[in-house]
Each structure stands twice: as C-alpha cells, then as structure tokens.
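The structure appears below as structure tokens.
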Amino acid sequence: MQRIKTVKDFLKMYIDGFKSMTWGKTLWVIILVKLFIMFAILKVFFFPNFLNSHFDTDSQKSDFVKQQLIKSNINQNN
C-alpha cells in the first residue's frame, strides 16, 4: 500500500510540475514535433520497406534475412 501512495505522489509531482511550466510547455511541443518528423516523415523517405519491395512470400523474406545474418556472423568471426 505504501508503494501505491509513493507512485501517486510521484505522478502528482510531475503533473504539478508541468502545470507550473512556462517555457517548458513550449520546449515539450518542440520535442514532440521533432520526434514526429523523425519517426513519421523521415521513415517514409529514407527507410523504405526493402523486404516487401524485393520479395513476394514470407518464406523468401525469411530466407533472405537468414542468409544476411549468417553472412554477418561469418564476417565478424573472420
């Protein structure tokens, strides 16, 4: 029971802290916008889905991944 009270106090501290922020809210908005840009927009342009564009079936995809892992392991051991 003591732990639950501590977690509640911890969350209450953060909520009160965010309510009293002035510049902090603006900085959090900037951070969230940057994260959205990095994960949503840049992923589409710089990280295309290689496996779906080169292979048709799941077995072909898994064989390719398995071969790449084996090659990588062999190269690291040499």
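Every number here is computed from the coordinates shown, using simple stated rules; none is lab data. Please read these numbers as outputs of a predicted model, since none were measured by experiment. Using ideal geometry, Cβ is built from the backbone for each residue, glycine included, and neighbour counts are taken over all protein chains shown.
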Conditions: (1) small (Gly, Ala, Ser); (2) exposed (fewer than 10 other Cβ atoms within 10 Å of the Cβ); (3) farther than 30 Å from Tyr14 by Cβ. Ala40 meets all but one. Number of the miss? (3)
The listed residue being within 24 Å of the chain's Cα centre (by Cα) and assigned to a helix (DSSP H, G or I), out of Val65, Val7: Val65
